[in-house]
Amino acid sequence: MTSHQLPEPFNPASTELGCWLKMSSEIAAETAALIGFDYVCIDMQHGLVGHSNLTPMLQAIHPHSPRTLVRVPANNPSTIGWCLDAGATGVIIPLINSASEAEAAIRACMYPPIGDRSTGPTRAAVIYGNNYVHASNDSVQCIPMIETAGALGSLEEILSLSGVNAIYVGPSDLSVNLGLGPGNHDGEAAFDDALVAILDACSRHGVVPGIHSNPSLATRRLEQGFRIVTIVDDLGGMQGAMSEALTAARSG
């Protein structure tokens, strides 16, 4: 049986552009993977994806996109392990508030002696072969989100942890926690200063900075120095394309 290699961890010298999947759709997942994004992330926190449809979506993505991420709904070891066992190559962990919470997430991703992940990789072993358990600690990505006041206050400690080689900024939650309201707040000093602080800290620690973005802000985020940038989501992309088509037809 042919087995595949796990993708290398994110590299600060490379730029990775990704797509975010909110809808529970294998067709959307397959389409996104075929387009050629560097990664595809399935959202189990705010998206409409549950346990029953995660695996079919991962199956639709994997032949075409080697890096398949899942944003888990919470920092829960059982959920993290289950997503990795199903074949995700990394997990994005929301609402991290401290280094101890980030460390718990890392332990949930890693097999002993580094972590506490239970051994039973199910689909992951089918894809990546019998060596998966030995190889995964060097390859599986545990990506804490930086989006709370606690995470900003613990940034140096979080980025110092062994096992954190990338982070992911949630700009909407970050804005809310800064008292600015949801959304991106470019031009507001508190928001801009927070992004600069995150980027500077990532540079000092050799951690790859990532951020959730959209087509209108993607270029700005890349120019700021983010190296993992989600540039579109399935629902937003569909809404945008449909709206443009309707506007063009009506004005034609």
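The values are calculated or read from the model by the stated rules, or taken from the named source; none is laboratory data. The model shown is predicted, which means the values in this text are computed figures rather than measured ones. Quick reminder, even Gly has a Cβ in these numbers, built from the backbone with ideal geometry, and neighbours come from all protein chains shown.
Scanning the stretch 63-95 for residues that are in contact with a Lys or Arg (Cβ under 9 Å, 6 or more places away or on another chain) and of a type outside the set (Ser, Thr, Tyr) turns up 77, 80, 81, 84, 85, 86, 87, 90, 91, 92, 93, 94. Only one of the numbered conditions (1) under 26 Å from residue 86 (Cα atoms); (2) surrounded by fewer than 13 Cβ atoms within 10 Å (Cβ to Cβ) is not met by residue 127, and that is (2).
What is the residue count in the stretch 95-105 for residues that are surrounded by fewer than 22 Cβ atoms within 10 Å (Cβ to Cβ) and assigned to a loop (DSSP other than H, G, I, E, B)?
Residues flagged as surrounded by fewer than 22 Cβ atoms within 10 Å (Cβ to Cβ) and assigned to a loop (DSSP other than H, G, I, E, B) within the stretch 95-105 amount to 3.
Evaluate the stretch 7-25: report whether one residue or more is closer than 23 Å to residue 132 by Cα and either assigned to a helix (DSSP H, G or I) or charged (D, E, K, R) (or both). For the stretch 7-25, residues closer than 23 Å to residue 132 by Cα and either assigned to a helix (DSSP H, G or I) or charged (D, E, K, R) (or both): present. Applying the criterion of being out of contact with any helix residue (DSSP H, G or I) (no Cβ under 7 Å at 6 or more places or on another chain), in a helix (DSSP H, G or I) and modelled with pLDDT of 95 or more to the residues of the stretch 106-132, the residue that is farthest from residue 42 (Cα to Cα) is 107.
The residues of the stretch 155-188 that are surrounded by fewer than 21 Cβ atoms within 10 Å (Cβ to Cβ) and closer than 13 Å to residue 95 by Cβ, listed by number, are 172, 173, 176, 177.
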